[in-house]
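The values are calculated or read from the model by the stated rules, or taken from the named source; none is laboratory data. Please read all numbers here as calculations on a predicted model, not as lab measurements. Cβ placement follows ideal geometry from the backbone for every residue including glycine, while neighbour counts extend to all protein chains displayed. All accessible areas refer to the heavy atoms of the entire protein, side chains included, with ligands and DNA or RNA removed. Shrake-Rupley method; radii C 1.70, N 1.55, O 1.52, S 1.80 Å.
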Amino acid sequence: MTGYDALGEVYEWLISDARLSPAEFVASFDDVIDPLPPNAHALDCSCGTGQLAVGLAGRGLQVVATDASETMVRRTAELAEKFGASVRTLRAHWHELPDHLDDGTFDVVFCVGNSLAHAAGAGGRVAALESMARLLRPGGRLVLTSRTWELVRARGSRLDIGDRLVHRDGRDALVVYRWDIAPRWEDEHHIEIAIAQVDAAGPVLVSSELLSCWPFRYDELEAELHRVGLRIDMSTFDGNAENYRVVASRA
């Protein structure tokens, strides 16, 4: 799992306008949240800057938020304090989660934001999914979102420069992605993300980070979910769409 400690300080420029507030972010998962019992227990195990975790707490859930990045965990705690939300935060890699949290604790586990590809290869990915499955109660559900990596690889190595400025916190920024696509699926790939904050009256402030990732095919993810004891209840996978969501339950 790679860092996000530099990007964590400016991560809001990578969140879509439609999901910027906790209430907006959590609303995109209403179909999963609405059937949950009162005071359900939720784990966000790739919490980023906390929009989803804080949104879940605002809906009355008992929330634990974890991330491998110390910066992300700190920013989640700061956002929870800002909104007066009760969120337990913890810095942990996926494979470490059972060391800190009890098996069968959670009604729902979220792993969103294309995070799973940062697990190191098929072995790391299965270990991450095993940890998430262990923490679910029987009947509990895992909610996972991912890029469609089949499309990403088909486009090859490239530079993607945003076609508009993104406005956050009184500043505009241009977002740049540099994709380094390895020859084989199982090889380590790299994404460099740069956020250049621009101000007509001041200097350009650039934050960037080089991230490792190990992409996966959708059929591999299906097999790995079954391998760790999860049954797919819903999938939006479409080979021509940029992203998809999978909801899987523990038998």
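So the values come out like this:
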quantity: Principal axes of the range 73-141: Cα extent on each, largest first, Å; calculated: 38, 27, 21
quantity: Where N is the number of residues in the range 1-71, Cα Rg divided by 2.2 N^0.38 Å; calculated: 1.14
quantity: Dipole magnitude (debye, nearest 20) for the range 17-140, charges at Cβ of Lys, Arg, Asp, Glu; calculated: 140
quantity: Rg/Rh for the range 107-162, where both radii come from Cα atoms and Rh is the Kirkwood radius; calculated: 1.09
quantity: Globularity ratio of the range 36-107, using Cα Rg and 2.2 N^0.38 Å; calculated: 1.01
quantity: With every protein chain in place, the range 155-211: carbon and sulfur % of accessible area (1.4 Å); calculated: 54
quantity: Rotationally averaged projected area of the range 170-251 (alpha carbon convex hull; nm²); calculated: 8.3
quantity: Distribution of pairwise C-alpha distances over the chain, 5 Å bins, in %; calculated: 1, 6, 13, 18, 20, 18, 13, 7, 3, 1, 0, 0
quantity: Sites Ser235 and Leu211, calculated FRET efficiency, Cβ-Cβ separation with R0 25 Å, nearest 0.05; calculated: 0.45
quantity: Per residue accessible area in Å² of the chain, where ligands, DNA and RNA are left out and the probe is 1.4 Å; calculated: 45
quantity: Rotationally averaged projected area of the range 1-137 (alpha carbon convex hull; nm²); calculated: 7.5
quantity: Distance in nm between pseudo-label sites at Glu96 and Ala182 (7 Å out along the Cβ direction from Cα); calculated: 2.3
quantity: Under the Debye formula (equal points on every Cα, no solvent term), log10 I(q)/I(0) of the range 113-251 at q = 0.09, 0.22 Å⁻¹; calculated: -0.35, -1.27
quantity: Heavy-atom accessible surface of the range 1-105: percent carbon and sulfur, 1.4 Å; calculated: 46
quantity: Distance between modelled label sites at Val204 and Ala223, nm, 7 Å Cα→Cβ extension; calculated: 4.5
quantity: Over the range 149-205, equivalent-ellipsoid semi-axes from the Cα gyration tensor in Å; calculated: 30, 10, 8
